[in-house]
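The values are calculated or read from the model by the stated rules, or taken from the named source; none is laboratory data. Bear in mind the structure is a predicted one, so any value in this text is a computation, not a measurement. All Cβ positions, glycine included, derive from the backbone under ideal geometry; neighbour counts span all protein chains shown. Side chains are part of the model used for accessible areas, which takes the heavy atoms of the whole protein and leaves out ligands, DNA and RNA. Shrake-Rupley method; radii C 1.70, N 1.55, O 1.52, S 1.80 Å.
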Amino acid sequence: EAPQGEVRIDRDNRHAYLTPRIGVSNDRFGFDVIYEAPAPVKPDRIAVAWSGGRDSTALLHATLRAAQPSGIEVLALHVHHGLHADADAWQAHVHAQARRWGAGFDTRRLAGQPGPGDSVEAWARRERYAALAAMARAAG
C-alpha cells in the first residue's frame, strides 16, 4: 500500500498500475479521496492536461512514449482561457502537435470572465479544472 494507493507492476512490461482514485482538493492544499476503485487497473485511455507549455508538453510526450507500445490511447486535453491574444493560434498549434504525435485531442473554450473582485488567476484555475473534468467525463 503506497501513499497514493495500491500499486501493481505488470511482470511482462514493467508498467505500474495504480488504484484509480477520484478526489477533490481541500482548503489545506491537500486531496480528499471521494472514491477509490477496489483494485489497480490497466487503463484503456489516459488523459493529459496540456497547456502547450514546456512542462505539460514533456509530460504528454513521455506519456505517449510509455502508453503507445501497450496500446493505451492518450488524449490531450487543452483549455482555451480566452485571456491572451494568441490563444486561438496556441490552440491550433497544440491540436496540430497532438495529431502529429498520435494523441487524441479535445479542447474547451472558457465562457465568461472573472466577476467583480475575483482574481483572474483564481477564476481561470477554477474554470480550467471544471473544463478538464468535463472533458475527462466525456472521454470516459
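At-a-glance table
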| read-out | value |
| --- | --- |
| Scan of segment 22-73 for residues that are in a loop (DSSP other than H, G, I, E, B) and within 26 Å of HIS84 (Cβ to Cβ), ordered by number | TRP50, SER51, GLY52, GLY53 |
| Members of segment 85-122 that are closer than 27 Å to ARG21 by Cα, in contact with a Leu (Cβ under 9 Å, 6 or more places away or on another chain) and not small (Gly, Ala, Ser) | PHE105, ASP106, THR107, ARG108, LEU110 |
| Matching residues in segment 103-134 - criterion: being in a loop (DSSP other than H, G, I, E, B) and surrounded by 11 or more Cβ atoms within 10 Å (Cβ to Cβ) | ALA103, LEU110, GLN113, PRO114, ASP118 |
| Options ALA47, ALA37: the member that is over 16 Å from the mean Cα position of the chain (by Cα) and among the aliphatic types (A, V, I, L, M) | ALA37 |
| Filter pass, GLN68 being out of contact with any Leu (no Cβ under 7 Å at 6 or more places or on another chain), surrounded by fewer than 17 Cβ atoms within 10 Å (Cβ to Cβ) and under 30 Å from ILE9 (Cβ atoms) | yes |
| Number of the exception - LEU83 against (1) open to solvent by less than 50 Å² (accessible area, probe 1.4 Å); (2) touching a residue at least 24 places away in the same chain (Cβ under 8 Å); (3) within 25 Å of ARG126 (Cβ to Cβ) | (1) |
| Search result, residues across segment 37-53 that are over 13 Å from GLN97 (Cα atoms) and either open to solvent by 70 Å² or more (accessible area, probe 1.4 Å) or in contact with a helix residue (DSSP H, G or I) (Cβ under 9 Å, 6 or more places away or on another chain) (or both) | PRO38, VAL41, LYS42, PRO43, ASP44, ARG45, ILE46, ALA47, VAL48, ALA49 |
